[in-house]
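Below: the structure, in structure tokens.
Here, each number is a calculation from the coordinates, and none is a lab measurement. The shown structure was predicted, so the numbers you read here are calculated from the model rather than taken from an experiment. Cβ placement follows ideal geometry from the backbone for every residue including glycine, while neighbour counts extend to all protein chains displayed.
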Amino acid sequence: MKKIYTTLSLILFFTAAFAQWGSVFHNHQQNNQVYYPASSATAALHLTFPATNNYTITIGAQSLNFYGSQFFLENMSAGLQMVSVRYMTTTTNGSAWQTTYNGAVNFEANTRLFATVDAYGVLRITQREAIGQIPPVNPQPLPNVCPTPQQPQIVFATQQQADDLVKRLKNVTFDSKKVLTAKNALKSNHYTAQQVKQLLLTFSFDSYKLDVAKYAYDMSYDKANFFAVGDAFSFSSYADELEKYIASK
């Protein structure tokens with residue numbers, strides 16, 4: 001009988017000890033967060049340019065086109081990556097892309113880089129900002145978080161498309177009818193400032209040219225080079241009127 005009591009006492013003792021140890025182990029697991037491996041770390045870039053223009057930014061194997069003077073890219077892969085910056089410029093042969101920066105940039109893990117590219121093509125990092133710690137496994141979604149806006153993909157009309165439009169306008173007899181044809185084309189495709197100038201030269205009267213030029217400016221992603229359109233007018237007063245219209249925007 002004494003052996004039975006002794007055995008029961010030992011069983012109760014070890015059961016209580018195991019339960020207490022299991023509780024401590026469980027709490028220890030709850031108080032430790034498990035993180036993603038370092039390879040899942042992200043980076044971000046905020047790039048500022050000296051002028052508003054059409055730019056193509058290539059980071060690694062990803063290329064983005066946008067119009068403006070500030071570029072934002074979130075959720076990038078951290079590490080050393082090649083960065084190339086091109087912008088739209090006007091030459092004697094029309095508009096063309098020109099490279100202003102091409103080099104390697106080290107995107108630090110969980111860091112947002114603020115940088116500028118000046119008129120001489122020099123990239124300078126002006127500020128570093130911590131994005132935050134690496135998120136835990138199976139994180140809860142944050143409320144009211146807005147997604148990163150996507151930059152629009154801008155594809156300009158080819159020179160062949162512009163030449164075809166010029167030929168079509170030349171076959172239209174009256175300027176009043178050319179206006180409708182030109183506006184429909186400008187609404188359905190993106191034309192450079194130089195291409196807009198070419199189609200305006202098919203008009204006989206500056207008043208119709210001005211009407212189309214204003215419409216083209218509102219639709220244009222090549223506003224930085226729109227000064228070239230003024231050369232299409234026969235009278236400087238209409239070119240001045242276009243300049244005033246652009247300045248009012």
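Between segment 72-123 and segment 184-249, what is the C-alpha centre distance in whole Å? Value for the Cα centre distance between the two parts: 30 Å. As a proxy for reagent exposure, 129, 74 were ordered by neighbouring Cβ count within 10 angstrom, fewest first; the result is 129, 74.
Of the Cα atoms belonging to segment 40-130, the radius of gyration and Dmax stand at 13.3, 48 Å. If you take all other residues with their beta carbon under 15 Å from the beta carbon of residue 127, and give Lys and Arg +1 and Asp and Glu -1, the sum is +1.
Here 217, 120 are placed in order of increasing Cβ neighbour count within 10 Å, fewest first, which gives 120, 217.
For residue 48, the shell of other residues with beta-carbons less than 12 Å away shows a net charge of 0, using +1 for Lys and Arg and -1 for Asp and Glu. Taking label positions 7 Å along the Cα-Cβ direction at both residue 167 and residue 118, the computed distance is 4.8 nm, reported to one decimal. Taking a ≥ b ≥ c as the square roots of the eigenvalues of the Cα gyration tensor, segment 159-247 is oblate, since a/c reaches 1.5 or more and a/b is not larger than b/c. The length gained by stretching the chain between residue 205 and residue 97 to full extension, at 0.36 nm per residue less their Cα-Cα distance, is 35.6 nm.
In the structure shown, do any of 214/249; 170/249; 187/244 have a Cα-Cα gap over 20 Å, and if so which? Exceeds cut-off: 170/249; 187/244.
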